[in-house]
Amino acid sequence: MAARDPVIVGVGLSDYPKAPDLSAVGHHAQALQRALADCGLEKSAIDGFLSTGGMAPGDDPVTLAETLGIEHRFIDGTMVGGSSFEFHVQHAVAALRAGLCETAAITYGSDYLSRMGRALGTGGGRGGRRVGGPMQFDAPYGNSLVGAYAMVAQRHMYEFGTTSEQLAEIAVGVREYAGLNPNALYRDPIGVEDVLGSRMIADPLHKLDCCVVSDGGGALILTTEERARDLRQPAVSVLGAAGGMTHWNIHQMGDFTRSAAARCAPEAFDQAGLTPADVDVLQFYDSFTITVLMLLEDAGFCAKGEGGPYVAEGFLRRGGRHPLNTDGGGLSSCHPGMRGVFLLIESVRQLRGQAGEAQVPDCDVALAIGSGGWLSAIGAVLLGRGGNA
Amino acid sequence: MEVVKGVDWQKPLPEPDPLYSVFWEAAGEGRLLYQLCPNCGHRQFYPRPLCLACGADPEWAEASGVGEVYTYTVVRQFGAPPFKDELPYVVAMIALPEGVQMLGSITDCDVDAVRIGLPVEAYAIAAGDGIGIPFWRLR
């Protein structure tokens, strides 16, 4: 490895899935403290800062930098929804390589469950108001976040014969891993019939096809391979990082069966010189079961339209070819509004061999793919055991 | 396009905007508009200040007011009134023969009868201030 190759050296999670004593900013701070303790760096070493912000008072990137006391040389506030953190890795990598900073922190924090309750994704506060921008071509019709994804699922079923049973397999497999995570919001095992028997939220998505709502936060610390050599934890290499966006509003998704992952995942693989066959564990954004199916096909793990049969083979399950969301995912463990940071942190835990009972044997390569908006902005990050591992 | 008047509109309304308001005001008069580029012929919706294909200034064109269901969902849970009081209802993407797609809602039907590919026809609900909001019915 070259001296300025970027590596992830520290990760930290804040208390989840419910932490009524923490504000959103409190989650940022706690996750950052734990990430620093993880790698043994002082906070003063951080000179690059990346965060989305804008979801709660005081959590915009510049206010956060002030609150956390980070005197940054490099700052990035990219906000493309739940995949923002995969984009942040791409940007931190470029900044580290270019010498714009030496050590970068990515932080996220949310108190959604404690402050907003559990109705996210099924609407609220949309009657009788004026709506500006392109959302005005959506808002008069009572579309919901779940409804947008449901329209994607409906089209996928129509074109390829995908079934509700196949989608349910994804939720069942992720719940199996949640059972191994003492912090997961839902841990009881479920079967396909439980998913199909759960309440229909927006056809064809049932309640158990949808992610949970939680509190939570996470932080990552990246630095150069050279600086990582004497730190506490084995460094994790960023082998590839690419992002792409096809639309923002769901009504501008021209083809409801393809996402930007079809472009950015191959880019990440090209950077790494790897193919899907080389990946040992998947951390895919599972806002809804259909999200996983779309990312799986678009990233090249199976042909377009064959995601349903592929999932039904059990390839994503524990012990399968490509185990999925080993922390219990957004479907069962934790989804505080934007989940992308947790995909990266769980990838790092797997590559360090620190995932406990959920550890995937001989885990050398992890693929995290985040989805922001309505399958709008996709970020793919390939991570590998490397550096001083 | 039929314009239904006398409805007490409680749903979100578009903010007045120099570009978008042309569409809503035309719908209030029974005309369903999309944009057509005089330079390259590209058709687009929602309205933009430039042609998405070539960057020229697009012009308005009137759609026939028919289409078919590209995809849809039946919303069965929604937190806020008045939508909460109308559950279940259909939200759909409608493909127009003019080559553009519009998000909308299909009304006056058995929600479980909606399928991809079914033909639909537009109507508008007068929502005040001369604005019309397009909706769709099965043909």
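A few comments on the model shown:
- Set against the 2.2 N^0.38 Å expectation for a compact globular protein, the stretch A:139-264 has a Cα radius of gyration ratio of 1.39.
- In this structure, the amide hydrogen of A:V131, modeled 1.01 Å from its nitrogen in the peptide plane, lies closer than 5 angstrom to those of B:L13, B:E15, counting only residues at least 5 positions away or on a different chain.
- Charge tally in the Cβ shell below 12 Å around A:G329, where Lys, Arg are +1 and Asp, Glu are -1, A:G329 excluded: -2
- Summing charges over neighbours of A:I170, with a neighbour being any other residue whose Cβ is under 9 Å away from its Cβ, gives -3 when K and R count +1 and D and E count -1.
- Note on the stretch B:28-139: Cα-only Rg and Dmax are 15.4, 46 Å.
- Amide N proximity, the stretch B:102-139 versus B:W9 label position 7 Å along Cα-to-Cβ, cut-off under 18 Å: B:103-107, B:122-137
- Cysteines in the protein assembly as shown that, by Cβ-Cβ distance, have no pairing candidate under 4.7 Å: A:C39, A:C101, A:C210, A:C211, A:C264, A:C302, A:C334, A:C363, B:C109
- Centroid-to-centroid separation of the stretch B:1-71 and the stretch B:91-111 [C-alpha atoms, Å]: 14
- Calculated SAXS-style log₁₀ I(q)/I(0) at q = 0.16 Å⁻¹ - the stretch A:106-212, Debye, Cα scatterers: -0.91
- Whole-angstrom gap from the stretch A:214-259 to the stretch A:294-315, using each part's C-alpha centre: 21
- Counting only protein heavy atoms and using a 1.4 Å probe, the accessible area of B:D129 comes to about 120 Å².
- Based on the reciprocal of the average 1/r between different C-alpha atoms, the Kirkwood radius for the stretch A:299-373 equals 13.4 Å.
- For the stretch A:33-107, Kirkwood radius (reciprocal of mean inverse C-alpha pair distance, Å): 12.5
- The stretch A:144-246: GluC sites (Glu not before Pro) falling in loop per DSSP and having at most 12 other Cβ within 10 Å: none
- Multiplying the residue separation of A:Y186 and A:E165 by 0.36 nm and removing their Cα-Cα distance gives an extension gain of 5.5 nm.
- Shown are A:R155, A:R349, A:R73, whose ranking by accessible area with a 1.4 Å probe and every protein chain present, most to least, is A:R73, A:R349, A:R155.
- The mean of 1/r over all distinct Cα pairs in the stretch A:1-73, once inverted, gives the Kirkwood hydrodynamic radius of 13.4 Å.
- Surface accessible to a 1.4 Å probe, per residue, for the residues of the stretch A:134-212, Å²: 33
- One way to sum up the overall shape of the stretch A:199-278 is the equivalent ellipsoid from its Cα gyration tensor, whose semi-axes run 34, 21, 13 Å, largest first.
- Rounded to the nearest Hz, the phi-derived 3J(HN,Hα) couplings of the stretch B:23-32 under the Karplus curve 6.51 cos²θ - 1.76 cosθ + 1.60 (θ = phi - 60°) are 5, 5, 5, 5, 4, x, 9, x, 10, 9, where x marks glycine and proline.
- log₁₀ of I(q)/I(0) at q = 0.13 Å⁻¹ - the protein assembly as shown, Debye sum with one point per alpha carbon: -1.24
- Hypothetical label at A:L196: residues of the stretch A:293-309 whose amide nitrogen lies under 18 Å (7 Å Cα-Cβ projection): A:308-309
The values are calculated or read from the model by the stated rules, or taken from the named source; none is laboratory data. As the structure is a prediction and not an experimental result, all values here were calculated from the model. FYI the Cβ positions are ideal-geometry reconstructions off the backbone, even for glycines, and counts take in every protein chain you see. Side chains are part of the model used for accessible areas, which takes the heavy atoms of the whole protein and leaves out ligands, DNA and RNA. Shrake-Rupley method; radii C 1.70, N 1.55, O 1.52, S 1.80 Å.
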